[in-house]
1. Return the sequence-ordered ³J(HN,Hα) values of segment 22-33 in whole Hz as given by the Karplus equation 6.51 cos²θ - 1.76 cosθ + 1.60 applied to θ = phi - 60°, using x for Gly and Pro.
2. Once fully extended, how much extra length lies between ASN116 and TRP160, figured as 0.36 nm per residue of separation less the alpha-carbon to alpha-carbon distance?
3. Apply 1/(1 + (r/R0)^6) to the Cβ-Cβ distance of PHE78 and TYR145, taking R0 = 22 Å, and write down the FRET efficiency to the nearest 0.05.
Amino acid sequence: MMVYSLAMSHLAPRFGGVVPVEGAPLVGFLKSPSFPVALLDIHGTQDGIIPANASGPIPAQAGVGPGPHGSVVSNDGFFYTTQRTIAQAWAAGPNRCTGPHRFVDTAGFTPPNGSNFTCWAPHGDCAKGALLRCAHGAGHIWPFYGTLPAINMKYAELVWWWAEQHPRGH
């Protein structure tokens, strides 16, 4: 939530991109960034604490369903902006994203086996920034979380791969 707040604030020109994990603005706090800021949004498909969207594969773990104003309700009763709505706001803002939905080849980054990790560009290509949504098959945890240091390093590799492509002032 903090990463979204920073990217939507007057500090947006200081960032080339942001990588929020398992977070979303509360309803009423979403706005398009004032400056092109690349976004790599990562969310677990089984997250009930801050669900990505109002529907999930396991309703008991994916929140309690849709809420008011197109929100998603977490299993603790808070109303969060859906990832779809966040992506629409980012695409319509200074990033100027247009085009068809497409899956993204994360060449340069290889997710660990069995992570069910997928990325897509929900609004096609962006003129001044980038917008990717990624999902992993777990709950409200870091992607690729595991007991082996090599697996835990995969998240750092992903963020580094993303940051190299989106320096400040892109």
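Since every read-out is calculated from the coordinates, none of them should be taken as a lab result. The model shown is predicted, which means the values in this text are computed figures rather than measured ones. Because the Cβ atoms are built from the backbone with ideal geometry, glycine has one as well, and the counts that use them run over all protein chains shown.
1. 6, x, 6, x, 5, 4, x, 10, 8, 8, 5, x
2. Fully extending the segment from ASN116 to TRP160 adds 13.8 nm.
3. The formula returns an efficiency of 0.45 here.
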